[in-house]
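Chemist: Got a structure for you, written out below as structure tokens; questions coming shortly.
The values are calculated or read from the model by the stated rules, or taken from the named source; none is laboratory data. The structure displayed is predicted, hence computed values, not measured ones. So basically every Cβ, Gly included, is an ideal-geometry build from the backbone, and we count neighbours across all protein chains shown.
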Amino acid sequence: MKQVLITGGNGQLGTELKRFAWPDDWQPMLIDIDELDLRDPDAIAAMVASNRWAAVINAGAYTAVDQAESNVVPAWEVNALAPAALASACQAADIPILHVSTDYVFDGARDGAWEPEDTPGPLSIYGASKLGGEIAVRTSATRHVIVRTAWVVSAHGNNFVKTMLKLATDRDLLNVVDDQRGAPTSAVDLAAALATITMRLVDDADAPVGTYHFSNSGATTWARFAREIFAQSAARGGPSATVSAIRTIDFPTAAVRPANSLLSHAAILRDYKIAPRPWQDALAEILDELIGTPQ
């Protein structure tokens, strides 16, 4: 039995990694903060050394983007120092690590999709701390894959889709930012991509390593994403609202968001034959689970 240690077990991604249809000889072992405090490097080392893991997937993170601006130390502990400790422990155990990162490592100040090799320029504490985690993993001697993603949504946890549906239950009009561009990512699809990469890393010593990008295909803005959520929700008899497009400057937040979060899929398609499906199709699957199939 090939056991994979997965941090962030209670999050959106962890939930879908648990639900993923792993082959019979693979077993995901998901843990969260109640079993492993990612701020404790000694506990991390002990956890990785406690079993003959096949690999580690680090899906745990400090994801409170705005709170990170005032909680700098906890954000860096979880997003940068924990990956460093995990990578070091994986190196000692001679096992690969797959680390999940974010579009927030970029400044968003360009057109087109970001390539993995593009120069980072984070605008926030969250983005900087996640870049720190990348650097820690990338400069370790262990075999690794870093997967950056963006706009993760699912039928579980807290995310944009569920927030829009909840707000629409008692509001007829919602103001949503329309000048931030990107592509939503289904946690189901991201989990499948991570599992695919992990299994190949374990089974193939020559599997490609490095940094990759994954999101669903296509491009949209938060406002257009919200309109599609409500259109698909209404078709299922669910809540709906009118969306008024606003500018980022009209909706100030503690952390600065990238204006362009589009991620190129060329590398992950080339090396792992992973071709993301359109974000609208992924959204439909999420709403099928939350609301039901269209009426």
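Chemist: Can you tell me which of (1) in contact with a helix residue (DSSP H, G or I) (Cβ under 6 Å, 6 or more places away or on another chain); (2) over 20 Å from residue 91 (Cα atoms) is the one residue 145 doesn't meet?
Modeler: With respect to (1) in contact with a helix residue (DSSP H, G or I) (Cβ under 6 Å, 6 or more places away or on another chain); (2) over 20 Å from residue 91 (Cα atoms), residue 145 is out only on (2).
Chemist: Mind listing just one residue for me: the one in the stretch 244-258 that is in a helix (DSSP H, G or I) and under 18 Å from residue 226 (Cβ atoms) and, of those, modelled with the lowest pLDDT? Can you show your working first?
Modeler: Filtering the stretch 244-258 down to residues in a helix (DSSP H, G or I) leaves 248-250.
Retained after the next criterion (residues that are under 18 Å from residue 226 (Cβ atoms)): 248, 250.
Working: 248: 96, 250: 93.
For the stretch 244-258, the residue satisfying everything is 250.
Chemist: Just to verify a result, which residue in the stretch 14-35, among those that are touching a Ser or Thr at 6+ places or on another chain (Cβ under 8 Å) and assigned to a loop (DSSP other than H, G, I, E, B), is farthest from residue 80 (Cα to Cα)?
Modeler: 31
Chemist: Can you name the residue in the stretch 72-100 that is out of contact with any Asp or Glu (no Cβ under 8 Å at 6 or more places or on another chain) and not in a helix (DSSP H, G or I) and, of all such residues, is surrounded by the most Cβ atoms within 10 Å (Cβ to Cβ)?
Modeler: We begin by selecting, within the stretch 72-100, every residue out of contact with any Asp or Glu (no Cβ under 8 Å at 6 or more places or on another chain); these are 72-82, 84-98, 100.
Now restrict to residues that are not in a helix (DSSP H, G or I): 94-98, 100.
Working: 94: 8, 95: 20, 96: 24, 97: 28, 98: 26, 100: 25.
Result: 97.
Chemist: Kindly indicate whether residue 5 is touching a Leu at 6+ places or on another chain (Cβ under 9 Å), at pLDDT 95 or above, part of a helix (DSSP H, G or I) and not small (Gly, Ala, Ser). Don't jump to the end; show me each part of the working.
Modeler: On the way: touching a Leu at 6+ places or on another chain (Cβ under 9 Å): yes; at pLDDT 95 or above: yes; part of a helix (DSSP H, G or I): no; not small (Gly, Ala, Ser): yes.
When the stated conditions are applied, residue 5 does not pass them.
Chemist: On to the next question. Counting only residues that are touching a residue at least 24 places away in the same chain (Cβ under 8 Å) and within 21 Å of residue 80 (Cβ to Cβ), how many does the stretch 36-54 have? Can you show your working first?
Modeler: From the stretch 36-54, those touching a residue at least 24 places away in the same chain (Cβ under 8 Å) are 36, 38-39, 41, 44-45, 47-49, 51-54; that's our starting set.
Remaining after also requiring within 21 Å of residue 80 (Cβ to Cβ): 36, 38-39, 41, 44-45, 47-48.
Residues flagged as touching a residue at least 24 places away in the same chain (Cβ under 8 Å) and within 21 Å of residue 80 (Cβ to Cβ) within the stretch 36-54 amount to 8.
Chemist: Also, I was wondering about something else. Under 19 Å from residue 135 (Cβ atoms), at pLDDT 95 or above and either polar (S, T, N, Q) or surrounded by fewer than 20 Cβ atoms within 10 Å (Cβ to Cβ) (or both) - does that describe any residue in the stretch 16-34? Please lay out each step first, then the result.
Modeler: So in the stretch 16-34, the residues under 19 Å from residue 135 (Cβ atoms) come out as none.
So far as the stretch 16-34 goes, no, none of its residues is under 19 Å from residue 135 (Cβ atoms), at pLDDT 95 or above and either polar (S, T, N, Q) or surrounded by fewer than 20 Cβ atoms within 10 Å (Cβ to Cβ) (or both).
Chemist: Hey, another quick one. Filter the stretch 259-290 down to the residues that are hydrophobic (A, V, I, L, M, F, W, C), touching a Lys or Arg at 6+ places or on another chain (Cβ under 8 Å) and in a helix (DSSP H, G or I), then identify the one that is surrounded by the fewest Cβ atoms within 10 Å (Cβ to Cβ). Talk me through it step by step, then tell me what you get.
Modeler: Filtering the stretch 259-290 down to residues hydrophobic (A, V, I, L, M, F, W, C) leaves 259, 262-263, 266-269, 274-275, 279, 282-284, 286-287, 290.
Still in the list and also touching a Lys or Arg at 6+ places or on another chain (Cβ under 8 Å): 259, 262-263, 287, 290.
Subsequent filtering for residues that are in a helix (DSSP H, G or I) retains 287, 290.
Working: 287: 21, 290: 16.
Residue satisfying both the conditions and the ranking: 290.
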